[in-house]
């Protein structure tokens, strides 16, 4: 019987995190289960810093962005840098002692809310004997075995509003305006916002783009008297034969993904100006997509995910991830989510990307949106 659980919000912040926490805690309260939140994700788990959670702690947080538990995306508890006797840095696996401490302190389960890398670590803690339930979190919508991750539709709403706003400037000045959105190596945000915002061209990581196709679309519009164009670029988009734009790479042996993408939109705008002579400008939404209040759909989905995760714990169904599949709330094994990578602490990707038979891709093509390949 579950009497005490811990909650971790790991990785980047995301609209709906607080609503998930609220769903967990309120369901736990009615079942007589104690809940504690580890502060700053896996960093708080490592340092054993917790916050007691109850009905009143979470009563007014459903709309609030971010996470009351804070987060951290720079701690891999399976590979912690420490100085040895010679002053050199070695990476040490701290997960064994963390698991032992969790057992001693009476935790019956951890509910870990995170994306691709965080859920791999969640799966790996099951191999240390910890009962774990995962909740898929990312605005990128790239967690496998899910229809939708919470936070995604709020990010799409923000990106769509940005398209609406820059469109009036593009029309007024006869410019080509490029909007760069998040998504890393998946094009879900760009594609959804591009369709919703009526973009002319959408460039996603799954379809390497050809500048000739982009320029042809621009010229087709100009021939019809439309001297402005809106181009949405996913941060991981890349030209045919080229690479995604990288802002920085951190040298580390931590096992974390340290490639920071950025600059794809600026690259596209500059190349278009160079090749056509038309005025082009780029805007990057960046963290605006992740902040602010949570949209209504994501508040509902987050509450469902949180409440269902707690119910799985009460029912003793551990080492699962809650998910929405074919519109139905259910759960899948964390092993299926993490994929075939069996190395403890590994962060290699098992992400869900946009397939070419996706209805959104087909719809975009049917309504004349250029996807950079034709």
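A few points about this structure:
- Per-region count, segment 133-152, residues buried (at least 24 other Cβ atoms within 10 Å of the Cβ) and within 15 Å of residue 20 (Cβ to Cβ): 12
- Checking 334, 285, 324 one by one, the residue that is touching a strand residue (DSSP E or B) at 6+ places or on another chain (Cβ under 7 Å) and either over 30 Å from residue 241 (Cβ atoms) or at pLDDT 95 or above (or both) is 334 and no other.
- Residue 180 being crowded, with 24+ Cβ neighbours inside 10 Å, outside any helix (DSSP H, G or I) and in contact with a helix residue (DSSP H, G or I) (Cβ under 9 Å, 6 or more places away or on another chain): yes
- Among the residues here, residue 359 qualifies as outside the structural domain of residue 18 (by TED's automatic domain parsing), loosely packed, with under 14 Cβ neighbours inside 10 Å, at pLDDT 95 or above and over 11 Å from residue 146 (Cα atoms).
- Count - residues of segment 97-121 that are at pLDDT 95 or above and either within 28 Å of the chain's Cα centre (by Cα) or within 17 Å of residue 72 (Cβ to Cβ) (or both): 10
The values are calculated or read from the model by the stated rules, or taken from the named source; none is laboratory data. The model shown is predicted, which means the values in this text are computed figures rather than measured ones. Using ideal geometry, Cβ is built from the backbone for each residue, glycine included, and neighbour counts are taken over all protein chains shown.
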